[in-house]
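A short worksheet on the structure shown next.
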Ligand code: FES
Ligand SMILES: [Fe+2]
């Protein structure tokens with residue numbers, strides 16, 4: 001259980017809050033590069049700030065304030081220029097650093113005008129890596145974007161899924177430190193959902209957890225589990241899989257690893273990305289990494305009935321568990337037990353890293369040495385729940401029809 005103050009400290013992301021300042025030490029993915037192909041601008045909310053992401057005529061991304069400094073027209077309707085974004089109302093042009101570069105009428109009437117030199121919009125650096133657009137909202141000098149091997153590995157095909165989840169980011173991250181929910185939410189509840197949907201043929205045989213363990217490592221936490229029928233020699237117990245501080249779960253298998261990346265949009269909304277690599281012989285680099293939206297299950301306000309058809313897969317089940325804890329879970333009312341030791345350890349890491357930032361130091365996973373940031377390797381167990389007995393689950397990509405024999409155990 002946390003005090004109200006502790007809960008606020010861990011969950012709030014605005015500028016000037018302890019956690020908001022920790023988040024502002026990281027490059028955060030805010031969109032897939034593919035999203036800027038058909039439409040060159042995208043409204044972004046990030047850490048409580050409203051912004052506009054755009055791609056200029058040379059193909060370079062930029063991120064500036066949402067409204068023109070002149071008379072506040074939305075920059076979402078801005079016209080991409082050779083080097084920046086131009087407001088559609090009177091043509092003021094803004095560069096990547098937010099400086100006003102041109103004011104057509106001002107300069108036409110008074111060629112000596114220096115008015116533009118005094119105009120500046122909020123602006124933040126953006127960079128692309130592995131088909132994602134990353135933004136950095138923190139103090140200069142900006143660190144490097146971590147080159148986790150999934151972003152830079154050769155010989156794979158990739159795709160990127162996204163959903164905006166209407167809840168605080170910490171509920172989602174704590175789920176990744178909670179292995180026991182897999183047994184219930186993704187097995188017993190999954191079977192119950194199948195029953196509700198009249199699909200008894202897809203029922204699975206749940207596997208129970210005997211022990212769970214967590215260990216700290218240089219990039220975060222590694223979680224391991226021992227299931228019924230396993231011994232201490234099992235890969236699940238020995239190898240496990242990592243949660244990269246502060247916001248990435250690595251899951252899947254070495255042939256098909258997935259990053260689940262969580263990015264706070266504000267205190268009660270989180271961008272969730274599924275970044276998957278598919279190992280393929282002779283895979284050529286993709287011109288564009290495909291992007292898809294993942295449906296978020298809703299609950300009918302009038303009847304309280306959830307959309308059962310979106311709850312027969314891991315992602316849908318996880319989302320409904322996160323969302324129904326509330327916009328920001330009230331941790332003054334929680335009752336943590338033995339299954340929550342990973343959550344307690346993660347909260348301890350968060351506090352330690354917040355304190356580091358307050359002391360003027362770089363927190364965990366801030367990289368500044370390019371020689372140590374070429375391709376950061378991560379280890380993942382091969383034998384997961386799917387190799388044991390539980391089967392079933394619908395692919396999140398499929399939306400409604402694509403069933404995967406392994407998916408229901410790949411993500412946790
Ligand atoms: S409101 Fe943008 S140029 Fe006038
Ligand atoms: Fe889950």
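Coordinate-derived values only; no laboratory data. For clarity, every value in this text was computed on a predicted model and none was experimentally measured. Reconstructed Cβ throughout: ideal geometry from the backbone, glycine too, with neighbour counts over all protein chains shown.
For this structure, a couple of remarks:
- The helix-only estimate of mean residue ellipticity at 222 nm for the chain, built from DSSP H runs of length n ≥ 4 each weighted as -39500 (n - 2.57), is -5000 deg cm²/dmol after division by the residue total.
- Rounded if a/c under 1.5, otherwise prolate or oblate - segment 149-409, Cα gyration tensor axes: rounded
- Rounded FRET efficiency, nearest 0.05, which uses the C-beta distance separating residue 217 from residue 373 and R0 of 30 Å: 0.95
- Against the main long axis of the alpha-carbon atoms of the chain, helix 341-358 sits at an angle near 20°.
- Each pair of Cα atoms in segment 46-168 enters the Kirkwood radius, and Stokes-Einstein at 25 °C and 0.890 mPa s then converts it into a translational diffusion coefficient of 150 µm²/s.
- Taken along the Cα-to-beta-carbon direction at a fixed 7 Å, the label points for residue 341 and residue 4 span 3.3 nm.
- Separation of segment 147-167 from segment 322-343 is 27 Å, based on Cα centroids.
- Report note on the peptides 16-27, 188-199: ranked by the mean count of other C-beta atoms within 10 Å, highest first, their order is 16-27, 188-199.
- Nearest 10 degrees, 0 to 90: helix 314-323 Cα axis against the chain principal axis: 70
- Nitroxide proxy distance, nm - points 7 Å out along Cα→Cβ at residue 361 and residue 307: 4.6
- Sorted on the mean count of surrounding Cβ atoms within 10 Å across their residues, most packed first, peptides 328-340, 170-182 read 170-182, 328-340.
- Alpha-carbon centroids, segment 85-132 and segment 353-379: separation in whole Å: 33
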